[in-house]
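Notes follow the structure.
The values are calculated or read from the model by the stated rules, or taken from the named source; none is laboratory data. Since this is a predicted model, take the numbers as computed values, not measurements. In this analysis, Cβ positions are derived from the backbone assuming ideal geometry, glycine residues included, and neighbour counts consider all displayed protein chains. Remember, those area values only see protein heavy atoms, side chains included, never the ligands or the DNA or RNA. Shrake-Rupley method; radii C 1.70, N 1.55, O 1.52, S 1.80 Å.
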Amino acid sequence: MSQVSLTPETEPLTAHLAPRTVVIAVALVSFASLLLELALTRLFSVVLFYHFAFFAISVALLGLGSGGVFAHVRRQWLNRFDLGSFGTVVCILNAVSIPGVLWVVLHTPVSLAVTGANFGKLTVIYLVAAVPFFFTGLLFSVLFARSSGAISVLYGADLAGGASACLLVVPLLNNIGAPDVLLFSAVLMAVAGSFWAGSRSVGHIARAVAVVALLFLVWAHHGRKMDVIYAKGVLRDSRWIEFSKWNAISRIEVNNLNGARYVVIDADATTAIMNVDPDKWDPDQSNVQSGAQSDAQSGAQRDAQSGAQGEAHPTPINTGLPAVSSFNWKKSLMSAAPSVANVLRPKGSFAIIGPGGGVDVLRAVANGSPSVTGIEINPIIVNDIMRGAYADYSYHLYDRPQVHIHIQDGRSYVRSSSEKYDVVQMTLVDTWASTAAGAFALSENNLYTLEAFREYFDHLKPDGMIAITRWEFHQPREALRVVSQAIEALHQQGIANPANNFVLVADGNLDEDGRPVLVLAKKSAFTEAEYAAIAGHVKANANLVWLNPPAQYAGIQPLPPAADAFRRLIASNNPTAFARDYAYNVAPVTDSAPFFFFTLKTGYVLKNIAEGTGKGMDWRINLGVVVLGMLLIISIIAVLAFLILPLLLHGRELGSRRARLPALLFFIAVGFGYILVEISLIQRFVLFLGHPTYALTVVVFLMLLSSGAGSVIARRWITTTGALLGVLVLIAAKITVNLILLPWILSLAVGFPFVVKLIISAAFLVPLGFLMGMPFPTGLKLVETVEWAWALNAAASVLGSVMAMVIAIHFGLTVTLACAAVAYLLALAFARTWRRSSLA
């Protein structure tokens, strides 16, 4: 293979702009664009559903790629414009389009039903939201095509600007909220336009647009003029809302419904705030102040009883709930399924993951627990609500001396804690809300993996228990999977047959979908005294159903048909084998594939869609599978329509397709590889760093920054195609090393101080990101059609972002990362076919 010189060209960036000014302008445009993308992940999570937060990545990549296609197709026309004025105009158009995107997203109701109408609305949002990214892709494609000698520096500035956005997105979301972050990105884009300006008059126009955009942002921020209107297809009623605040984790409301207060997370999940003084807990008479007990006869009451810590409820809250003048909250709370843990360990020490509005905390305190540790991931719920605006309403529950609240990811806290507990409790914990990390990275999924269950058992006292409540259905799957997880974890604890280590209690007869089921699991068998206490409690509360009573209590109540699935699973003592023959996927999940809630098998998904039977709460939980399918279809159509077809129709001047095919396949492989690495590592580092927001900030920031440095260094290091091949080999080797060592190292270091974790993260991510920043800008030097290469790289990233999650859900994160290594090896194979005749 011939060795080709890649020494920089000497052509100027533009006739009017200094190189340093162009670098600043590129960094600002990249900063604003990535800030827009990250804010869209938060906004989509609230307005649509958390599955759609992942949507923003595909939208951004499509827009960037289509801008490159337009730059290629209209190259001769665009060459008439000076780059400075062109950059200013494009930035102004970009800034003006962003408020329009926000308006469309806020005013387009998309429900969870899989219908043609919703598919059409989703497509509209997809295409409209891609417009600002189209302008960014257009500008960068034209710039790179005209400045091939400085591509490495410009690409480095692009990545550095994006990395800076990762640092600022969290404080911005915490202080002004997702809609206003979108508007702030418009301000920045207009400011970037002033740097491009080739003349003073054009610069004045850009600065004027920036001032107008800033004033619009101030107006919108004051009084939340541009906030959520539709959420999950339903018009929000602002009359309910007493409090609302955004942060990088979620949007939090407090709704006042006939005097009862509910924390509402991302306009969907709810948790009740209890207006009860635990010091006056009276078993015989009401102790609730007037107005705080309005939902006693509603579906929402079941959430309050059970805990509903952040989990959406099967019966939506509405303003038509019946009011009750007096209600005994002790009887109500102690008749819910999670109360069985308090019956068995009334004065035990509790670790409550996801306490939310404090239902489980109240139950533990009122029953005499001397120590209640609550681990809540969202600081707004703890500081602004429970210790702030609603501290008096909740009788300062979170400030009581026996209550210790920690703002942290529950799994990470337990892993790093040296405490032992009588009960580790999770009641319906899953916010159903994406974090700023987007990319389908759900921190709560890590709470339900096999490794998590092992850690919970390790943090129990000798006679302690885990108490996990999940929603259940006519045909069990969620609580059933909890049992699967616990059986496997107990096997790894050395317990060969844990048949007597479980107690399962349903809050209802499982004659309707969406009933809470409590799973109690111990490392030792339940005793006769504990069985007697449970039997007495069940007899005293007619709504409770003991799903697996021992023989001596088998006749205390008739068992529902759904109990048979639990019985067969426990009797099998082999969760994996049981799951193979069961209608739903209830096999244990691990940290490598932490998708606990996706229980639908692919065949059942297709059957439900074909038969129109995909309805109800369970379908919503498993909607992620369908969303991925819809995104894949939309992405393929969009890539074909906006990226591939225009290139094919306007590619006659490029010579034979055979000559350019390897180069184009190179950019596709690199695009696939980069996005697969990024998405899989975000999920991997969520657990290690203790928070999905940290995973975003650390992983994406370090990768973009180091990739930017690699791009700049590549200008001097990679002067031959042989050097490029060597870099591709190193990337594949580094991914393989991470594949082997990363899970082991992260597991060992999870309890280290956060600063040490940052150092470990950098040790893994910086070398990999540095190397991964080299192939793309180097490849751009090797092709004549920079715009086409840019577009196809984006197209591969669009499809790769969806495929990354498809692979992860079906095969796990390890396989996803392995596929990234394969993609870079394919890039190596394509690069080896290049010849001097195909180079610019």
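Please verify whether Tyr398 is part of a helix (DSSP H, G or I) and among the aromatic types (Phe, Trp, Tyr), treating the condition exactly as stated. For Tyr398, the condition - part of a helix (DSSP H, G or I) and among the aromatic types (Phe, Trp, Tyr) - is met.
Of the helices (runs of 4 or more DSSP H) contained entirely in the range 410-524, not one carries at least 3 residues that are out of contact with any helix residue (DSSP H, G or I) (no Cβ under 7 Å at 6 or more places or on another chain), at pLDDT 95 or above and within 30 Å of Ala163 (Cα to Cα). Quick check on Phe770: is it in contact (Cβ under 8 Å) with a residue 24 or more places away in the chain, surrounded by fewer than 21 Cβ atoms within 10 Å (Cβ to Cβ), hydrophobic (A, V, I, L, M, F, W, C) and in contact with a Gly (Cβ under 8 Å, 6 or more places away or on another chain)? Taking the combined requirement at face value, the residue does not satisfy it. Scanning the range 341-362 turns up at least one residue that is polar (S, T, N, Q) and part of a helix (DSSP H, G or I). Mind checking which residues of the range 482-514 are open to solvent by less than 30 Å² (accessible area, probe 1.4 Å) and among the charged types (D, E, K, R)? Listed by number, the list holds a single entry, Asp507. Regarding the range 305-318, can at least one residue be identified that is open to solvent by less than 20 Å² (accessible area, probe 1.4 Å), assigned to a loop (DSSP other than H, G, I, E, B), at pLDDT 85 or above and closer than 26 Å to Glu530 by Cα? No, the range 305-318 has no match at all. Contact map, the range 747-763: residues that are part of a loop (DSSP other than H, G, I, E, B) paired with residues that are surrounded by 11 or more Cβ atoms within 10 Å (Cβ to Cβ) and among the small types (Gly, Ala, Ser), Cβ distance under 6 Å, separation 6+ or inter-chain. Pairs shown: Gly751/Ser416.
Could you tell me which of the residues Pro401, Pro379 is open to solvent by 10 Å² or more (accessible area, probe 1.4 Å), modelled with pLDDT of 95 or more and not small (Gly, Ala, Ser)?
Pro401
Conditions tested, residue by residue: (1) farther than 29 Å from Arg42 by Cα; (2) open to solvent by 40 Å² or more (accessible area, probe 1.4 Å).
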| site | (1), (2) |
| --- | --- |
| Gly84 | yes, no |
| Val90 | no, no |
| Ile98 | no, no |
| Trp103 | no, yes |
| Thr108 | no, no |
| Gly120 | no, no |
| Ile125 | no, no |
| Pro132 | no, no |
| Val142 | yes, no |
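If the condition is being closer than 29 Å to Asp458 by Cβ and open to solvent by less than 20 Å² (accessible area, probe 1.4 Å), then the range 515-537 contributes Pro516, Val517, Leu518, Val519, Leu520, Ala521, Lys522, Phe526, Glu530, Ile534. Each residue in the range 731-759 was checked for being under 24 Å from Gly812 (Cα atoms) and open to solvent by 30 Å² or more (accessible area, probe 1.4 Å), and 12 pass. List every residue pair whose Cβ atoms lie under 9 Å apart, where the two residues are 6 or more positions apart in sequence or sit on different chains, the first residue falls within the range 798-821 and is in contact (Cβ under 8 Å) with a residue 60 or more places away in the chain and within 16 Å of Ile735 (Cα to Cα), and the second residue, located anywhere, is open to solvent by less than 10 Å² (accessible area, probe 1.4 Å) and charged (D, E, K, R). Here the result reads none, with nothing in the range 798-821 linked to a residue that is open to solvent by less than 10 Å² (accessible area, probe 1.4 Å) and charged (D, E, K, R).
Selection within the range 191-230: residues that are more than 28 Å from the chain's Cα centre (by Cα) and charged (D, E, K, R). The member of this set that is farthest from Val29 (Cα to Cα) is Arg200. Looking across the range 174-227 at every residue that is among the basic types (Lys, Arg) and under 26 Å from Ile380 (Cβ atoms), the one that is surrounded by the most Cβ atoms within 10 Å (Cβ to Cβ) is identified as Arg224.
Within the range 546-566, residues that are of a type in the set (Gly, Ala, Ser) sit with their Cβ atoms under 8 Å from residues that are open to solvent by 50 Å² or more (accessible area, probe 1.4 Å), at 6+ positions apart or across chains, in these pairs: Ala562/His474; Ala562/Gln475; Ala565/Gln475.
Against the definition (open to solvent by 70 Å² or more (accessible area, probe 1.4 Å) and modelled with pLDDT of 90 or more), how does Ala540 come out, yes or no? Against the criterion (open to solvent by 70 Å² or more (accessible area, probe 1.4 Å) and modelled with pLDDT of 90 or more), Ala540 qualifies.
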